[in-house]
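The values are calculated or read from the model by the stated rules, or taken from the named source; none is laboratory data. Bear in mind that the values here come from a model prediction, so they are computed numbers and not experimental data. Glycine also receives a Cβ, built like all others from the backbone with ideal geometry; neighbour counts cover every protein chain displayed. Accessible surface is based on the protein model in full, side chains and every heavy atom, while ligands, DNA and RNA are left aside. Shrake-Rupley method; radii C 1.70, N 1.55, O 1.52, S 1.80 Å.
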Amino acid sequence: MDYTINYYSDAVQEQIMELPDTLAARYIVLTRRMIALGPNLGEPHTKAFGDGLFELRLKGAEGIARVFFCTLVGRRIVMLHSFIKKSERTPSREREIGETRMKEIKRANT
């Protein structure tokens, strides 16, 4: 049984689809793999941040982007937040957005 990809909101889905071409293409390739194999693709594709928060790591000609996601019961993957990475470390504000949205989604699904 395949996994399904959901989005925190329409705005998150639009933001992801508006990534530069090579990053959007990488997103599509990796999410197809996640649907078939599950959310844990391992590094360098995915990374666990702890407490159920993960990041999808996109790299392309235009730079680097990250998409935070979590998983829910029933083989559901929820894309929470995306951003273009401009520094070596993930900015704490970006991670906080992902964590807050994950907690909200998990509360709504318990």
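Only one entry of Met79, Met34 meets the criterion of being touching a residue at least 40 places away in the same chain (Cβ under 8 Å), in contact with a helix residue (DSSP H, G or I) (Cβ under 8 Å, 6 or more places away or on another chain) and among the hydrophobic types (A, V, I, L, M, F, W, C), and that entry is Met79. Checking Leu30 against (1) open to solvent by 30 Å² or more (accessible area, probe 1.4 Å); (2) part of a helix (DSSP H, G or I), only one condition comes out false. Which one? Only one criterion in (1) open to solvent by 30 Å² or more (accessible area, probe 1.4 Å); (2) part of a helix (DSSP H, G or I) is unmet by Leu30, namely (1). Only a single criterion out of (1) part of a strand (DSSP E or B); (2) within 25 Å of Thr110 (Cα to Cα) is not satisfied by Gln13, namely (1).
Quick one: how many residues across the range 56-87 are more than 12 Å from Met102 (Cα to Cα) and either surrounded by fewer than 13 Cβ atoms within 10 Å (Cβ to Cβ) or not basic (Lys, Arg) (or both)?
We begin by selecting, within the range 56-87, every residue more than 12 Å from Met102 (Cα to Cα); these are 56-67, 73-76, 82-87.
Cutting the leftovers down to either surrounded by fewer than 13 Cβ atoms within 10 Å (Cβ to Cβ) or not basic (Lys, Arg) (or both) gives us 56, 58, 60-65, 67, 73-74, 82-84, 86-87.
Number satisfying all stated conditions: 16.
Yes/no matrix, rows are residues, columns are (1) open to solvent by less than 40 Å² (accessible area, probe 1.4 Å); (2) farther than 22 Å from Ile105 by Cα:
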site: Ile5; (1), (2): yes, no
site: Tyr8; (1), (2): no, no
site: Glu43; (1), (2): no, yes
site: Gly52; (1), (2): yes, no
site: Arg89; (1), (2): no, yes
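Among the residues in the range 67-81, are any in a loop (DSSP other than H, G, I, E, B) and on the phi > 0 side of the Ramachandran plot?
yes
Selection of first residues in the range 44-73 that are without any contact (Cβ under 8 Å) to a residue 60 or more places away in the chain and of second residues that are of a type in the set (Gly, Ala, Ser) and outside any strand (DSSP E or B), restricted to Cβ pairs under 6 Å at least 6 apart or on distinct chains, gives the following pairs, ordered by first then second residue: Leu53/Gly98; Phe68/Gly98; Cys70/Gly52.
Among the residues of the range 91-102 satisfying the criterion of being among the basic types (Lys, Arg) and either over 15 Å from Ala11 (Cα atoms) or free of Cβ contacts under 8 Å to residues at least 60 places away in the same chain (or both), which is least open to solvent (accessible area, probe 1.4 Å)? Going through the qualifying residues, I end up with Arg95.
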